[in-house]
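Peer 1: Quick one: this structure, given as structure tokens, is what I'll be asking you about.
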Amino acid sequence: MKKNFLTTKQMALIGVMTAVTCILGPLSIPLPFSPVPISFTVLAVYLSAYVLGPKLGTISFLVYLLIGIIGLPVFSGFTGGIGKLAGPTGGYLAGFILMAPIAGWAIWHFKAQTIPSFLGMILGTVVCYLFGTIWLARQNSLSFMEALAVGVLPYLIGDAAKMVAAWIIGTRLYHAANRFAHHATE
């Protein structure tokens with residue numbers, strides 16, 4: 001018998017976490033000195049990594065990205081459309097595609113242990129920052145360091161706080177998701 005790519009439970013969890021991202025993603029705070037707003041998409045990606053792990057967390061983010069690309073207002077500032085990817089924040093959106101599996105792998109491989117989870121979130125965020133900074137520099141004719149100054153440095157403390165929030169909430173969600181999966185197989 002052929003095994004399905006995704007189980008019904010996995011698809012349901014992907015749907016739930018995609019919905020969470022669609023709710024948190026538009027919530028943003030514009031900053032007057034940067035084209036990059038403070039966004040809660042980062043928190044949603046971290047939470048998805050805890051609940052879904054690397055593969056399913058990435059699928060969830062890709063579904064969110066497709067929903068936004070077709071025009072639904074799920075990106076920062078309640079925007080949508082392919083133009084968002086071509087704008088100054090497009091590199092960060094692309095970077096989330098790698099943030100999800102990096103953070104998810106560390107969290108799930110090490111069973112949500114604190115230090116590996118934080119290291120995974122940090123590494124995933126650095127990769128996202130790299131994509132975003134390169135794209136922002138290109139879009140706004142800035143040097144890499146100038147783009148770093150307006151697109152990353154002002155966000156470090158907030159993203160660290162989002163990691164802590166994700167760790168507090170996500171650890172509980174990780175254990176609940178694993179209990180749910182265990183009971184579903186009995």
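The values are calculated or read from the model by the stated rules, or taken from the named source; none is laboratory data. Note that the coordinates shown come from a computational prediction; the quantities given were computed from them, not determined experimentally. Cβ atoms come from the backbone with ideal geometry, glycine included; neighbour counts cover every protein chain shown. For the accessible areas, the whole protein counts, side chains as well, though only heavy atoms, and no ligand, DNA or RNA atoms are used. Shrake-Rupley method; radii C 1.70, N 1.55, O 1.52, S 1.80 Å.
Peer 1: Among the basic types (Lys, Arg) and in contact with a strand residue (DSSP E or B) (Cβ under 6 Å, 6 or more places away or on another chain) - does that describe any residue in the stretch 81-92?
Peer 2: Yes, because at least one residue in the stretch 81-92 is among the basic types (Lys, Arg) and in contact with a strand residue (DSSP E or B) (Cβ under 6 Å, 6 or more places away or on another chain).
Peer 1: Right, something else. Can we say residue 123 is in a helix (DSSP H, G or I) and open to solvent by 80 Å² or more (accessible area, probe 1.4 Å)?
Peer 2: Yes: the conditions hold for residue 123.
Peer 1: Condition first: over 19 Å from the mean Cα position of the chain (by Cα) and on the phi > 0 side of the Ramachandran plot. Can you find one or more residues in the stretch 171-186 that meet it?
Peer 2: no
Peer 1: Continuing with this model, one more query. If you check residue 129 against the conditions, is it among the hydroxyl-bearing types (Ser, Thr, Tyr), under 17 Å from the mean Cα position of the chain (by Cα) and open to solvent by 30 Å² or more (accessible area, probe 1.4 Å)?
Peer 2: yes
Peer 1: Does residue 136 satisfy the condition of being closer than 12 Å to residue 36 by Cβ, at pLDDT 95 or above and of a type in the set (A, V, I, L, M)?
Peer 2: Judged against the criteria, residue 136 is a match.
Peer 1: Scanning the stretch 107-152 for residues that are small (Gly, Ala, Ser) and touching a residue at least 40 places away in the same chain (Cβ under 8 Å), which turns out nearest to residue 172 (Cα to Cα)?
Peer 2: For the stretch 107-152, the residue satisfying everything is 112.
Peer 1: Can residue 118 be described as open to solvent by less than 80 Å² (accessible area, probe 1.4 Å) and either β-branched (Val, Ile, Thr) or farther than 19 Å from residue 34 by Cβ (or both)?
Peer 2: Yes: the conditions hold for residue 118.
Peer 1: Collect the residues in the stretch 48-77 that are within 24 Å of residue 109 (Cα to Cα) and β-branched (Val, Ile, Thr), keeping them in residue-number order.
Peer 2: 51, 58, 59, 63 - these are the residues of the stretch 48-77 that are within 24 Å of residue 109 (Cα to Cα) and β-branched (Val, Ile, Thr).
Peer 1: Give me the residue from the stretch 37-74 that is touching a helix residue (DSSP H, G or I) at 6+ places or on another chain (Cβ under 8 Å) and in a loop (DSSP other than H, G, I, E, B) and, out of that set, most open to solvent (accessible area, probe 1.4 Å).
Peer 2: 72
Peer 1: Suppose the filter is surrounded by 22 or more Cβ atoms within 10 Å (Cβ to Cβ), over 12 Å from the mean Cα position of the chain (by Cα) and either in a helix (DSSP H, G or I) or among the polar types (S, T, N, Q) (or both); does residue 107 pass it?
Peer 2: yes
Peer 1: Any idea how many residues of the stretch 8-36 are of a type outside the set (D, E, K, R), part of a helix (DSSP H, G or I) and open to solvent by 50 Å² or more (accessible area, probe 1.4 Å)?
Peer 2: 7
Peer 1: Only one of (1) under 19 Å from residue 58 (Cβ atoms); (2) open to solvent by 20 Å² or more (accessible area, probe 1.4 Å) fails for residue 91. Which number is that?
Peer 2: (2)
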